[in-house]
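Chemist: Quick one: this structure, given as C-alpha coordinates, is what I'll be asking you about.
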Amino acid sequence: MRHLKKGKKFGRLIGDRRSFLSNLSNNLIRRGKIETTEARAKAIKPAVEKLITLAKKQNLSSRRLLLSKTHDPKITKKLYEELAPRYLSRPGGYLRIIKLSKARKRDGTILTTIEFV
(Lines give C-alpha, C1' and ligand atoms only; values in the text may rest on other atoms or scores of the structure.)
Protein backbone atom coordinates (compact mmCIF):
# COMPACT_ATOMS: atom_id res chain seq x y z
CA MET A 1 0.00 0.00 0.00
CA ARG A 2 1.20 3.51 -0.77
CA HIS A 3 -0.12 5.33 2.28
CA LEU A 4 1.43 8.79 2.70
CA LYS A 5 3.54 8.38 -0.44
CA LYS A 6 2.97 11.48 -2.54
CA GLY A 7 4.14 12.10 -6.07
CA LYS A 8 5.00 10.10 -9.15
CA LYS A 9 7.99 7.79 -9.30
CA PHE A 10 8.82 8.25 -13.00
CA GLY A 11 10.54 4.84 -12.99
CA ARG A 12 13.54 6.18 -11.08
CA LEU A 13 15.20 5.67 -7.73
CA ILE A 14 14.76 8.43 -5.18
CA GLY A 15 18.08 10.19 -5.80
CA ASP A 16 17.67 10.05 -9.55
CA ARG A 17 14.09 11.30 -9.23
CA ARG A 18 15.11 14.28 -7.09
CA SER A 19 17.85 15.18 -9.54
CA PHE A 20 15.48 14.77 -12.50
CA LEU A 21 12.82 17.05 -10.99
CA SER A 22 15.44 19.57 -9.91
CA ASN A 23 16.87 19.73 -13.44
CA LEU A 24 13.37 20.14 -14.92
CA SER A 25 12.63 22.97 -12.48
CA ASN A 26 15.94 24.68 -13.23
CA ASN A 27 15.30 24.44 -16.98
CA LEU A 28 11.84 25.96 -16.54
CA ILE A 29 13.24 28.87 -14.54
CA ARG A 30 16.12 29.38 -16.99
CA ARG A 31 13.98 29.34 -20.15
CA GLY A 32 10.63 30.57 -18.82
CA LYS A 33 8.70 27.93 -20.75
CA ILE A 34 9.28 24.23 -21.48
CA GLU A 35 7.43 21.51 -23.35
CA THR A 36 7.08 18.28 -21.40
CA THR A 37 4.56 15.60 -20.45
CA GLU A 38 1.56 16.36 -18.31
CA ALA A 39 2.74 14.24 -15.37
CA ARG A 40 6.14 15.93 -15.30
CA ALA A 41 4.58 19.40 -15.51
CA LYS A 42 2.23 18.64 -12.64
CA ALA A 43 5.14 17.31 -10.59
CA ILE A 44 7.35 20.39 -10.93
CA LYS A 45 4.64 23.06 -10.66
CA PRO A 46 4.37 23.06 -6.83
CA ALA A 47 8.15 22.98 -6.41
CA VAL A 48 8.74 25.99 -8.65
CA GLU A 49 5.88 27.94 -7.09
CA LYS A 50 7.40 27.37 -3.63
CA LEU A 51 10.73 28.68 -4.91
CA ILE A 52 9.07 31.86 -6.19
CA THR A 53 7.20 32.35 -2.92
CA LEU A 54 10.49 31.99 -1.07
CA ALA A 55 12.17 34.51 -3.39
CA LYS A 56 9.38 37.04 -2.74
CA LYS A 57 10.58 37.45 0.87
CA GLN A 58 13.63 39.35 -0.46
CA ASN A 59 16.01 38.70 2.43
CA LEU A 60 19.42 37.07 2.77
CA SER A 61 18.19 33.86 4.34
CA SER A 62 15.69 33.23 1.54
CA ARG A 63 18.43 33.88 -1.03
CA ARG A 64 20.67 31.31 0.68
CA LEU A 65 17.82 28.80 0.82
CA LEU A 66 17.20 29.31 -2.90
CA LEU A 67 20.86 28.70 -3.62
CA SER A 68 20.81 25.50 -1.57
CA LYS A 69 17.74 24.23 -3.45
CA THR A 70 18.69 25.20 -7.02
CA HIS A 71 22.49 24.67 -6.79
CA ASP A 72 23.01 27.36 -9.44
CA PRO A 73 23.81 31.02 -8.70
CA LYS A 74 22.43 32.21 -12.07
CA ILE A 75 19.04 30.62 -11.45
CA THR A 76 18.97 31.97 -7.90
CA LYS A 77 19.74 35.45 -9.21
CA LYS A 78 16.99 35.19 -11.83
CA LEU A 79 14.45 34.04 -9.22
CA TYR A 80 15.45 36.70 -6.73
CA GLU A 81 15.88 39.71 -9.04
CA GLU A 82 13.57 39.08 -12.03
CA LEU A 83 10.74 36.69 -11.16
CA ALA A 84 10.02 37.60 -7.53
CA PRO A 85 9.45 41.35 -8.18
CA ARG A 86 7.13 40.45 -11.07
CA TYR A 87 4.85 38.45 -8.75
CA LEU A 88 4.97 40.58 -5.57
CA SER A 89 1.28 41.52 -5.77
CA ARG A 90 0.16 38.03 -6.84
CA PRO A 91 -0.76 35.66 -3.97
CA GLY A 92 0.00 32.45 -5.90
CA GLY A 93 -0.56 30.65 -9.18
CA TYR A 94 2.60 31.73 -10.96
CA LEU A 95 2.59 28.92 -13.54
CA ARG A 96 0.16 27.72 -16.16
CA ILE A 97 -0.03 24.29 -17.81
CA ILE A 98 -1.40 24.23 -21.36
CA LYS A 99 -2.21 20.92 -23.03
CA LEU A 100 -0.95 20.68 -26.58
CA SER A 101 -2.74 18.92 -29.40
CA LYS A 102 0.21 16.72 -30.22
CA ALA A 103 1.60 13.54 -28.77
CA ARG A 104 5.09 12.13 -28.61
CA LYS A 105 5.80 9.78 -31.47
CA ARG A 106 7.45 6.96 -29.59
CA ASP A 107 4.89 6.39 -26.83
CA GLY A 108 1.90 8.61 -27.64
CA THR A 109 2.13 10.62 -24.42
CA ILE A 110 0.23 13.90 -24.55
CA LEU A 111 2.56 16.88 -24.34
CA THR A 112 1.97 20.08 -22.42
CA THR A 113 3.62 23.44 -22.11
CA ILE A 114 4.37 24.82 -18.66
CA GLU A 115 5.10 28.53 -18.51
CA PHE A 116 5.05 31.53 -16.20
CA VAL A 117 1.84 33.57 -16.16
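The values are calculated or read from the model by the stated rules, or taken from the named source; none is laboratory data. What you see is a predicted model; the values in this text were computed from it and never measured. Methodologically, a virtual Cβ is constructed for each residue, glycine included, from the backbone with ideal geometry; neighbour enumeration extends over all protein chains shown. Surface accessibility is based on the protein's heavy atoms, side chains included, excluding ligands, DNA and RNA. Shrake-Rupley method; radii C 1.70, N 1.55, O 1.52, S 1.80 Å.
Chemist: Under the 0.36 nm per residue contour assumption, what length would be gained going from the current alpha-carbon distance of ARG86 and SER68 to full extension?
Modeler: Here the answer is 4.2 nm.
Chemist: Determine the share of the chain's accessible area contributed by carbon and sulfur atoms, expressed in whole percent, with a 1.4 angstrom probe.
Modeler: 53 percent
Chemist: Taking the Cα centre of the chain as origin and charging only Cβ (+1 Lys, Arg; -1 Asp, Glu), how large is the dipole, in debye to the nearest 20?
Modeler: With only Lys, Arg, Asp and Glu charged at Cβ, the dipole is about 300 debye.
Chemist: Okay, helix-only estimate at 222 nm for the chain: each DSSP H run of n ≥ 4 adds -39500 (n - 2.57), divide by all residues, round to 500 deg cm²/dmol; what do you get?
Modeler: After summing the helix terms and dividing by the residues of the chain, the value is -14500 deg cm²/dmol.
Chemist: Further question on the same structure: Where only protein heavy atoms count, and the probe is 1.4 Å, what is the accessible area per residue for the chain in Å²?
Modeler: 68 Å²
Chemist: Here is a follow-up. If you compute Cα Rg over 2.2 N^0.38 Å for the structure shown, which of (i) 1.12; (ii) 0.95; (iii) 1.60 do you land on?
Modeler: Of the listed options (i) 1.12; (ii) 0.95; (iii) 1.60, (i) comes from this structure.
Chemist: Additional query: Label points 7 Å out from Cα along the Cβ direction at SER101 and ASN27: separation in nm?
Modeler: Distance between label points: 2.5 nm.
Chemist: Provide the per-residue ³J(HN,Hα) series for the range 79-94, in order, calculated from phi with Karplus coefficients 6.51, -1.76, 1.60 and θ = phi - 60°, each as a whole number of Hz, with x at glycine and proline positions.
Modeler: Calculated HN-Hα couplings, in order: 4, 6, 9, 10, 6, 4, x, 5, 10, 4, 8, 8, x, x, x, 8 Hz.
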